[in-house]
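A quick write-up on the structure given underneath.
The values are calculated or read from the model by the stated rules, or taken from the named source; none is laboratory data. If you're wondering where the values come from, they're calculated on a predicted model, not measured in any experiment. Cβ coordinates were reconstructed from backbone atoms using ideal geometry, including for glycine residues, and neighbour counts include every protein chain displayed. Only protein heavy atoms, including side chains, enter the accessible area calculation; ligands, DNA and RNA are left aside. Shrake-Rupley method; radii C 1.70, N 1.55, O 1.52, S 1.80 Å.
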Amino acid sequence: MTIEDLAGYIESLGGVLTLHPAPGDGTPEIAWGDYFFYYAPDGITPTTVQPFATLITKDYPDDTTSQLDRPDTFRLNINTSRDEFIEWTGHTPRESGSLDPSTTDTLIPHPIYASAAWLAVVNPGPRTEAPIRNLLRNAHDRARARYDRRTESD
């Protein structure tokens, strides 16, 4: 799976606002080339919620264990439910795991945000394609439900 395949799939879920920072758009240079996916059918970037998924193309200063600076390497990050996190890792988000964060095509706890029930996969491929599509649909559904609750209360 390519970054473009994944971005297209996520956007096809509907109501998705994709932020794809690039030079000249006022975003920090460190974020250039990455993707941040929000449920925002109104096209307004949410300021009080995190994206439901991200595609990261490089190491960040505090996040180097996935070794994203290798050629043609990226990581998909998905905000999951606690139950989904436990299903895929065998432990709660607060417990630590022992998987190598640089392993490819394997769902792992996010190297930094596992405690918030984020899962990650470096270079998704055939082994993870079906599970990540399901996890992305679920993350999108939860983001949509949060959006609907916020707009109903306004």
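Which residue fluctuates the most in the chain, going by a Gaussian network model with Cα springs under 10 Å, if the choices are I30, I132, I108?
I30
When the helices in the chain are scored as -39500 (n - 2.57) per DSSP H run of 4 or longer and the sum is shared across all residues, what 222 nm value do you end up with, to the nearest 500 deg cm²/dmol?
-9000 deg cm²/dmol
Let me know the Rg and Dmax you get for the stretch 66-143 when you use only its Cα atoms, in Å.
11.7, 34
Can you tell me how much longer the chain between W32 and L19 gets when fully stretched, taken as 0.36 nm per residue apart minus their C-alpha distance, in nm with one decimal?
Difference between extended and current length: 3.7 nm.
So if the hydrodynamic radius of the stretch 35-103 is defined as the Kirkwood radius over C-alpha pairs, what does Stokes-Einstein give as its diffusion coefficient at 25 °C and 0.890 mPa s, in µm² per second?
Estimated via Stokes-Einstein, D reaches 174 µm²/s.
Would you mind working out the accessible area per residue for the chain, using a 1.4 Å probe, and quoting it in Å²?
Here the residues of the chain average 52 Å² of exposed surface.
When the chain is fully extended, how far beyond the present Cα-Cα distance does D141 get from S153, taking 0.36 nm per residue of separation?
2.5 nm
Computed over the Cα atoms of the stretch 1-54, what is the convex hull's projected area averaged over all directions, in nm²?
4.1 nm²
Starting from the Cα of A116, step 7 Å along the direction of its Cβ; do the same at T48; then give the gap between the two resulting points in nm.
Those two pseudo-labels are separated by 1.6 nm.
Restricting the count to DSSP beta bridges whose residues both fall in the chain, what percent are antiparallel, rounded to a multiple of 5?
95 percent
I'd like the carbon and sulfur percentage of the solvent accessible area for the stretch 61-154, probe radius 1.4 Å, heavy atoms only, ligands and nucleic acids excluded.
The nonpolar share, carbon plus sulfur, comes to 47 percent.
In whole Å and largest first, what semi-axes does the C-alpha gyration tensor of the chain yield when each eigenvalue is scaled by 5 and square-rooted?
Listed largest to smallest, the semi-axes of the chain are 23, 20, 15 Å.
Can you compute the FRET efficiency between E4 and R94 using 1/(1 + (r/R0)^6), with r the Cβ-Cβ distance and R0 = 41 Å? Round to the nearest 0.05.
The formula returns an efficiency of 0.75 here.
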